[in-house]
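Here's the structure we're looking at; comments come further down.
The values are calculated or read from the model by the stated rules, or taken from the named source; none is laboratory data. What you are looking at is a predicted structure, and each value in this text was computed from that prediction instead of being measured. Cβ atoms come from the backbone with ideal geometry, glycine included; neighbour counts cover every protein chain shown. Surface accessibility is based on the protein's heavy atoms, side chains included, excluding ligands, DNA and RNA. Shrake-Rupley method; radii C 1.70, N 1.55, O 1.52, S 1.80 Å.
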Amino acid sequence: ANYLSHTQGKKHQAGLARRAAMEAKLARQKDGSDVMMPMRSVTQTSRSQTKVKIGRPGYEVSKSRDPETNARCLTFELHYPELDDARNRQPRHRFMSAYEQRVETPPDGSYQYLLVACDPYETVGFKVPNEKIHRGEGKFVT
């Protein structure tokens, strides 16, 4: 009798409704995208064939200072060991503002995101301080 009265009670029913709403929201987010921008987890080619992503690339991030200007430097080294022909596939990068991404809410304007993509690997994103990127000679190397 106690169990039945508990499961039919207002608090229990409200908890079930809250849980169902949360699971539906998570399912919608999972159907959308795991990365920070609306990219698909499966890439479509011109003949409507699909390529399966093979996982995330290995990466190393190191921080340093520029000896001339004493500016902060970030070095991202990404490893793509299973590329069949590395000459034909060069990783692509993009900087994304905090207001474009949909992973962290509310967006933090003091950060931006560096996204790096290379098929057939998943796109990876790095959260970096929102400062001017120096693209001068020898400063920004891809």
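Structure notes:
- Residue list for segment 121-141, filter: touching a Pro at 6+ places or on another chain (Cβ under 9 Å) and of a type in the set (A, V, I, L, M): Val124
- Pairs meeting the criteria (first residue in segment 71-82 and acidic (Asp, Glu) and modelled with pLDDT of 85 or more, second residue open to solvent by 50 Å² or more (accessible area, probe 1.4 Å) and in a strand (DSSP E or B), beta carbons under 9 Å, at least 6 apart or on different chains) are Glu77/Tyr59; Glu77/Glu60; Glu77/Val61; Glu77/Ser62.
- In segment 83-108, of all residues being without any contact (Cβ under 8 Å) to a residue 60 or more places away in the chain and of a type in the set (A, V, I, L, M), the one that is surrounded by the fewest Cβ atoms within 10 Å (Cβ to Cβ) corresponds to Ala86.
- Applying a threshold of 8 Å to beta carbon distances and a minimum spacing of six or more residues, or different chains, the list of pairs starting in segment 52-68 at a residue that is in contact (Cβ under 8 Å) with a residue 60 or more places away in the chain and ending at one that is part of a loop (DSSP other than H, G, I, E, B) and of a type in the set (Gly, Ala, Ser) reads Lys53/Ser41.
- Taking segment 109-130 as the range and being open to solvent by 50 Å² or more (accessible area, probe 1.4 Å) and at pLDDT below 85 as the test, only Asp119 passes.
- Segment 85-106, residues that are modelled with pLDDT of 85 or more, among the hydrophobic types (A, V, I, L, M, F, W, C) and under 22 Å from Asp119 (Cα atoms): Phe95, Met96
- Restricted to segment 83-137, and to residues there that are assigned to a loop (DSSP other than H, G, I, E, B) and among the hydroxyl-bearing types (Ser, Thr, Tyr), the residue that is nearest to Val52 (Cα to Cα) is Tyr121.
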